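The values are calculated or read from the model by the stated rules, or taken from the named source; none is laboratory data. Since we're looking at a predicted model, the values are computed, not measured. Here the Cβ positions follow ideal geometry from the backbone for every residue, glycine too, while neighbour counts run over all protein chains shown. Note: areas computed on protein heavy atoms with side chains; ligands, DNA, RNA excluded. Shrake-Rupley method; radii C 1.70, N 1.55, O 1.52, S 1.80 Å.
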Amino acid sequence: MSPAAASAHWHPFQNMSDAMAPLVLTDADGLWMNSSDGRRLLDATAGLWFCHAGYGRREIADAAHTQMLRMHAYSTFGDYSNEPAEVLADRLSEFAPGGPWKIMFTSGGSDSVETAVKYARRYWQALGRPERTVVLSRRDSYHGMHTAATQISGIPANRNRYGDLLPDTRLVARDAPQALEAAVGELGAERVAAFVCEPIIGAGGVRFPPAGHLQTVAEICRRHGVLFIVDEVTTGLGRTGTWFASQKYGVEPDLLLCAKGLTSGYLPLGAAWSTSASPPPSGKTVRCSATATPTAATPRRPPPSPTSTTSTTSTITSFSPPRTGSRVASQAPRLPRCHRRHPDRAHRPGRHGLRPAQRLARG
Ligand SMILES: Cc1ncc(COP(=O)(O)O)c(C=O)c1O
């Protein structure tokens, strides 16, 4: 009997009748992996696009080991927090394009997407616009395998045959800003909550955007007050020469999603970044909430560059703004840019981006 047939392990993304002789990887160092049949293989894909720092990083394992013995995890629901979560959120908030950011930790890329989709709807509810529910995304996109992520992904093989998993979503053509504009026009901007896209489509074929495309769609979102959500799960954290592909293409999203390279796969962790500090409808400000908690608590180091080879020697808390970063962080929490510029002033917040009642609730 072949190993696969004997094994209880089912592979995601595989017809198991075709997985009768799996490639079993046993150990790895740097860029190289060894397999159980004695081969040494170059990991040209960095795992599933997650292993930015390479395999066998003792400093990451040591930091995780130290933190796990100190306190391996705790919920950050409510008023609870822990040092690694605070340190990492503060560091991350400093170096993505735009901002200032609020960071909610997640358990991975799909979870970041779920969080963002929920956030977008809740955001509009909080502003008294519950009819803004529709989430637009692109054909050929991939956003993960959880419920909302499956629904908004645009690869038919991944999306079809589950029925409608989430109401009020719509796919638009991949590289056609006019398709986005038409969808918003047809639905009515007042019904559209958000547009989600990968800056570079990954699983759907590694498709780079045409020149100016992302800036055009970002501008369409702003003009219609639609939240612009950029899924940087594969492109983020140094994969495209800047920390985020959004910087490469000159766009500033309202929400930015990452995972994978955040820990290089050493632990499951993702993040949903929001430029908004506007509280959810409960009236409380969510600082961060984690189903997975970062475990490395090391002191700050000088900023690594995403293109520098030394960046890979940093632990997961050692990120800093790239040298080219020029953003000046303001202390005041702000609404997403699209809303700040949107002419619909009826729902505009007061000073500090919060409506008076919300400010009171924060104390
Ligand atoms: C663009 C994008 N978004 C989301 C995901 C889902 O991430 P995860 O596998 O960590 O759930 C992926 C995974 O490859 C991805 O490429």
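Annotations
- In the range 119-139, the residues that are within 15 Å of the ligand (Cβ to nearest atom) and open to solvent by 10 Å² or more (accessible area, probe 1.4 Å): Arg139
- Inter-residue pairs, beta-carbon under 6 Å, first not assigned by TED's automatic domain parsing to the domain that holds Phe13 and in the range 143-155, second within 8 Å of the ligand (Cβ to nearest atom) and open to solvent by 10 Å² or more (accessible area, probe 1.4 Å), 6+ apart: Gly144/Gly109; Gly144/Ser110; Met145/Ser110; His146/Ser110; Ala149/Ser110; Ser153/Tyr142; Ile155/Tyr142
- Here Phe105 fulfils each of the conditions (1) aromatic (Phe, Trp, Tyr); (2) within 16 Å of the ligand (Cβ to nearest atom); (3) part of a helix (DSSP H, G or I) apart from (3).
- In the range 32-48, the qualifying residues are those that are open to solvent by 70 Å² or more (accessible area, probe 1.4 Å) and closer than 26 Å to Asp231 by Cβ, and the one that is nearest to the ligand (Cβ to nearest atom) is Leu48.
- Subset tally (residues that are part of a helix (DSSP H, G or I) and exposed (fewer than 12 other Cβ atoms within 10 Å of the Cβ)) for the range 65-80: 1
- Val206 vs. criteria within 17 Å of Ala148 (Cα to Cα) and open to solvent by 10 Å² or more (accessible area, probe 1.4 Å): no
- Matching entry among Glu83, Glu59, Glu94 (being at pLDDT 95 or above, surrounded by 15 or more Cβ atoms within 10 Å (Cβ to Cβ) and among the acidic types (Asp, Glu)): Glu59
- Selection status of Gln14, open to solvent by less than 90 Å² (accessible area, probe 1.4 Å), within 30 Å of the chain's Cα centre (by Cα), among the polar types (S, T, N, Q) and in the same structural domain as Thr242 (by TED's automatic domain parsing): no
- Scanning the range 178-215 for residues that are within 16 Å of the ligand (Cβ to nearest atom) and part of a helix (DSSP H, G or I) yields one hit, Leu214.
- Candidate set from the range 217-248 (those that are acidic (Asp, Glu) and in contact with a helix residue (DSSP H, G or I) (Cβ under 7 Å, 6 or more places away or on another chain)); member that is farthest from Ile152 (Cα to Cα): Glu232
- Residues within the range 140-177 that are open to solvent by less than 20 Å² (accessible area, probe 1.4 Å), within 14 Å of the ligand (Cβ to nearest atom) and outside any loop (DSSP other than H, G, I, E, B), tallied: 5
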